[in-house]
Amino acid sequence: MELILEIIMIPAVLATIKILVIILMFAMPLGTVLTLMERKWSAMIQDRVGPNRANIGKFTGHGALHLAADGLKSIFKEDTMPKGADGFLYFIAPFFGLIAGVATFAIIPLAGPIGDFTFQVTDIEPGLLFIFAITSLSVYGAVLAGTSSNSKFALLGGTRASAQMISYEVFMGLALMGIFMVYGTTRVSGIVDGQNEYWFGSLIPMWGVFTQPLGFVLFFTALVAETKRAPFDAPEGESEIVAGYFLEYSGMRWSAFMLAEYVALVGVASLITTLFFGGYHVPWLHLWEGAPQWLVTILQVIKFSLFTLFFCWFQIQLRWTVPKFRFDQTMALGWKKLLPLSLANVVVTAFVILAFA
Amino acid sequence: MELKVKKVQRLDGVREAFYFPAIFSGLRLTVKHFWRNLFGSKDVVTINYPEEKRHVSERWRGRHRLTRNDNGFLSCVACYMCETVCPSKCIHIEAGEHPDLSVEKYPVVFNIDELRCVFCGLCVEACPKDAIRMDTGIISMAYTSRETFDFTRDLLRDSYDPKAHSNPKYGDYDLPSPSSQEEALPNSQGVPAT
Ligand code: SF4
Ligand code: SF4
């Protein structure tokens, strides 16, 4: 028993266990369920029924079995490769997005630390800069898929994706600059703890969304554009270039693209929760003195999960509400409106901090 | 000739440039539908087809049926009107002489090839005896072989209901399907040779 504990406490082993738990029990299942939920929820929005036919005997589980059906289908589907495609690049492209999406969870704390034990894979000093580095990796998935498919639509999609993601990355960083300045750190745990302060005694928690409202809107917009979901889904553009960069894929590799999209969606939701909605901190919990540690941890996990779920839902709702931007509109919005706004946000934040500090 | 140019009026101004008013009013609408349907599918207009069927108007031309007369026997007198009028030539009738002389002729064979039928309803209008109708409400026929679509007389006729018929003498009379011309027309003097 002690030996097992000792092995578990070796940092590398502990990190591996945390990675497995967070990815296999939080990110992946939520992402997978969201693939079904998107179909169900969009049906509710549009007054339809949604998928409900997959069944074992009489049991359908209100469509829950479609998850199993989808999985089975993509496993047994033929894995095609177009003539003249670049085999190696074509093979590895789907996994860039997936890896980038999953890597986001490395720095996200699910609950507050208990003693030395943190509910976070790693709390590195660069923190969010690591996120920027990783999310910029996911553009490779789209570009490689587009160029290696030997298909003009896919190439167009890949080109659009790279242009869009690179330009939105610019002010994604700038939008977070305000957060760095307000909380004085890029370390995620520092930012989360900074949001546990209160204004006016214990009236309003200093959440990122209250200290940086404009930064929140800009960052959220940038992240939605990064995940290439509507209204910024010109790279996929069903109506003009069929499915964009992953047009030629089928079977499991196509599923990898889909799963990457939904894991990224969960990643966006948890990032927003962590940076702008107090992370795992339950507001006003400090007023209850002597709360048992285990209860606090459970409440924190619940609070974090609820907010994450809410933002998953919100992104899906947004997708089924807002019409698609034309590609030139996407670009104009990014460079002509959001970039100046985020620069202004940085300057104004700096002045406010100087004036009140 | 000069091309006509229509200037499209675009909504401009700060309100439109910020997108938010439009996005929020859109979200208000979609969230309203979402919440209403999350608890009890109130607005859903979908008809779950095989379990629920759409209401079909009485005038809707569906699969044919052969009606029965008051005696419970087929009303059809094998007059060939429908076969003649049918634009797609999909009705095939062979007449026979009924054992009961008051009934005279009846269809020994009455086949409708529903694959060739265009559901025009002309056969129904042509019939002098109101013997063929298209009011079954069967709006879809899906089978896996062509032969199945060739509906025979016994498949087309109404099911017999003893309560609805005053004289059930011929009610479940098992309509004979004679194999030869002589058997079908026992009282005739034979078909004159031409
Ligand atoms: S509905 Fe028209 S096509 Fe069909 S059997 Fe009657 S007459 Fe012929
Ligand atoms: S169905 Fe009517 S029209 Fe056709 S043969 Fe019989 S009686 Fe004549």
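The values are calculated or read from the model by the stated rules, or taken from the named source; none is laboratory data. Here the structure is a predicted model, which is why all the values come from computation and not from measurement. Here the Cβ is made from the backbone with ideal geometry for all residues, glycine too, and neighbour counts use every protein chain on show. Remember, those area values only see protein heavy atoms, side chains included, never the ligands or the DNA or RNA. Shrake-Rupley method; radii C 1.70, N 1.55, O 1.52, S 1.80 Å.
Per-residue ellipticity at 222 nm computed for the protein assembly as shown from its helices equals -15500 deg cm²/dmol, with DSSP H segments shorter than 4 residues left out and the rest contributing -39,500 (n - 2.57).
Under 27 Å of direct C-alpha separation, and excluding same-chain neighbours fewer than eight residues apart, B:LYS89 reaches these lysines: B:LYS105, B:LYS129.
Only protein heavy atoms count here; under a 1.4 Å probe, A:ASP70 has an accessible surface of about 60 Å².
With a simple spin-label model that places each label point 7 Å from the Cα along the Cα-to-Cβ direction, the separation between B:ASP70 and A:ILE7 comes to 9.5 nm. Counting only aspartates and glutamates at least 8 places from B:LYS4 when in the same chain, there are none with an alpha carbon closer than 20 Å to its own.
Projecting the Cα atoms of A:LEU36, A:MET9, A:LEU259 onto the dipole axis of chain A, where Lys and Arg carry +1 and Asp and Glu carry -1 at the beta carbon, places A:LEU36 farthest toward the positive end. Pairwise Cα distances in chain A exceed 36 Å in 26 percent of cases. Using bins of 5 Å that start at zero, the share of Cα-Cα pairs per bin across the stretch A:277-357 amounts to 3, 12, 11, 10, 12, 15, 16, 12, 7, 3, 1, 0, in whole %. For the pair A:VAL33 and A:ILE99 in one chain, pulling the backbone fully straight at 0.36 nm per residue adds 21.9 nm over the alpha carbon distance. Evaluating 6.51 cos²θ - 1.76 cosθ + 1.60 at θ = phi - 60° for every residue in the stretch A:31-42, the Karplus couplings come out as x, 5, 5, 5, 4, 7, 4, 4, 5, 5, 5, 5 Hz, glycine and proline recorded as x.
The apolar share of the surface of the protein assembly as shown, taken as the fraction of accessible area on carbon and sulfur atoms (1.4 Å probe, ligands and nucleic acids excluded), comes to 65 percent.
In Å², and per residue, what accessible area does the protein assembly as shown have when probed at 1.4 Å with the other protein chains present?
Working: 30440 Å² over 551 residues.
Accessible area per residue: 55 Å².
FRET efficiency for A:THR16 and A:ALA291, Cβ-Cβ distance as r, R0 = 35 Å, nearest 0.05? Plugging the Cβ-Cβ distance into 1/(1 + (r/R0)^6) gives 0.65. Kindly compute the accessible surface that chains B and A hide from a 1.4 Å probe when together, both sides summed, and give it to the nearest 100 Å². For chain B against chain A, roughly 1700 Å² becomes buried.
For q values of 0.20, 0.29 Å⁻¹, compute log₁₀ I(q)/I(0) with the Debye formula on a Cα-only model of the stretch A:220-261, without solvent. One equal scatterer on each Cα of the stretch A:220-261 leads to -0.64, -1.03.
Seen against the Cα atoms of chain A and their longest principal axis, helix A:11-22 is set at about 60 degrees. Of the cross-linked pairs A:LYS73/A:LYS303; A:LYS58/A:LYS228; A:LYS324/B:LYS6, those separated by over 28 Å at the C-alpha level are A:LYS73/A:LYS303; A:LYS58/A:LYS228. Ignoring aspartates and glutamates fewer than eight residues from A:LYS83 along the same chain, the ones with Cα atoms less than 20 angstrom from its Cα are A:GLU248.
Rounded, prolate or oblate: which fits the stretch B:27-159 when a ≥ b ≥ c are the square roots of the eigenvalues of the alpha-carbon gyration tensor, with rounded for a/c under 1.5 and prolate only if a/b beats b/c?
Values: a/c = 3.28, a/b = 2.78, b/c = 1.18.
Here the stretch B:27-159 falls in the prolate category.
Using a probe of 1.4 Å on the protein chains alone, the accessible area found for A:THR297 is around 20 Å². Panel note: contact residues of the stretch A:288-326 (accessible area lowered by at least 10 Å² against the chain on its own; 1.4 Å probe) correspond to A:TRP313, A:PHE314, A:GLN317, A:LEU318, A:THR321, A:VAL322, A:PHE325.
Beyond 21 Å, what share of the Cα-Cα pairs of the stretch B:16-96 remains, rounded to the nearest whole percent? Percentage above 21 Å: 66.
When the P(r) of the stretch A:200-357 is calculated, the portion above 28 Å amounts to 37% of the C-alpha pairs.
Report, in cubic angstrom per residue, the convex hull volume of the C-alpha atoms of the stretch A:148-255.
Details: hull volume 14.8 nm³, N = 108.
Each residue corresponds to 137 Å³ of Cα convex hull volume.
Residues of the stretch B:29-50 buried by at least 20 Å² of accessible area upon assembly of all protein chains, compared with the chain on its own (1.4 Å probe): B:THR30, B:VAL31, B:HIS33, B:PHE34, B:ASN37, B:LEU38, B:VAL44, B:THR46, B:ASN48. Legend: calculated FRET efficiency, A:MET25 to B:ASP12, from the Cβ-Cβ distance at R0 = 41 Å, rounded to 0.05, equals 0.25. Size of the stretch A:16-95: Rg and Dmax of its alpha carbons, in Å, are 16.9, 46. Rg over Rh for the stretch B:71-130 works out to 0.99, both radii taken from alpha-carbon positions and Rh defined as the Kirkwood radius.
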